[in-house]
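Read through the structure below, which is laid out as structure tokens, and then see the notes.
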Amino acid sequence: MTGSLWAHGGTYETWAAFLTEWAAGTDAAAGTEGASGGRSDGAGLPALRQEDFAADTWDRLRLRLTDALSARLQLCADALAGALREAADEFSVGRALAQARSGLHPVRALANHPGLPEDLRPQLLKMVDDATRSLQQDLERAVESMVSEGGDPRHVEARRRTLRDNPLTAVTSAPPPVPTARPAATGGWSYDPTATGRRRVTPP
């Protein structure tokens, strides 16, 4: 099967449809089927094998993957920013951080999807975890800026403690979940899939 045929159906189209829906955050609740016909956690997606695709098709699929991950990271960052703006107290801030961590789990799960080549998964996980660490650092810098702006020391210390007790980076030390249905063994990628085509996640 040539890459050009895959680009118009089969494995490529299945993944492309899923990624389009998933990246927009319009996938259904976990365990249900969305418009792409697959589970929202990606269970049941076919394994990707390099030998089934032409080089340019591999590149397009790589960009779709990194763009989808970046889009969901951006959605998480935007949702967190909105929740923090509306937070009335530290309890609300802690809840917003907990919800943000919940939103990061499916992003890490897709990066570690068993249908992806074994040498691709750690690179995608690193991309997601680096963005998560960067977002956490920006949150911490925002707290320190409150000091320079003359914020109430008690409020600053309370916010610092909330961030310390509810770090986004807690997700990076946990094994990423994987879909229940594990597809067949995959092939490998011969180049860095995260070298291009990435969008910057803008922190709140």
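The values are calculated or read from the model by the stated rules, or taken from the named source; none is laboratory data. Worth saying up front: this structure is predicted, and the values here are computed from it rather than measured. Methodologically, a virtual Cβ is constructed for each residue, glycine included, from the backbone with ideal geometry; neighbour enumeration extends over all protein chains shown. Ligands, DNA and RNA are excluded from the accessible area calculation, which covers all protein heavy atoms including side chains. Shrake-Rupley method; radii C 1.70, N 1.55, O 1.52, S 1.80 Å.
Key figures for this structure:
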{"read-out": "Per-region count, the range 134-161, residues open to solvent by 70 Å² or more (accessible area, probe 1.4 Å) and touching a Lys or Arg at 6+ places or on another chain (Cβ under 9 Å)", "value": "2"}
{"read-out": "Verdict on Glu86 being open to solvent by 50 Å² or more (accessible area, probe 1.4 Å) and over 16 Å from Pro106 (Cβ atoms)", "value": "yes"}
{"read-out": "Enumerated helices (runs of 4 or more DSSP H) restricted to the range 85-180, each holding at least 2 residues that are modelled with pLDDT of 95 or more and hydroxyl-bearing (Ser, Thr, Tyr)", "value": "121-148"}
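Residue by residue, here is whether (1) modelled with pLDDT under 90; (2) outside any helix (DSSP H, G or I) holds:
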| site | (1), (2) |
| --- | --- |
| Met1 | yes, yes |
| Gly31 | yes, yes |
| Gly42 | yes, yes |
| Ala47 | no, yes |
| Glu51 | yes, no |
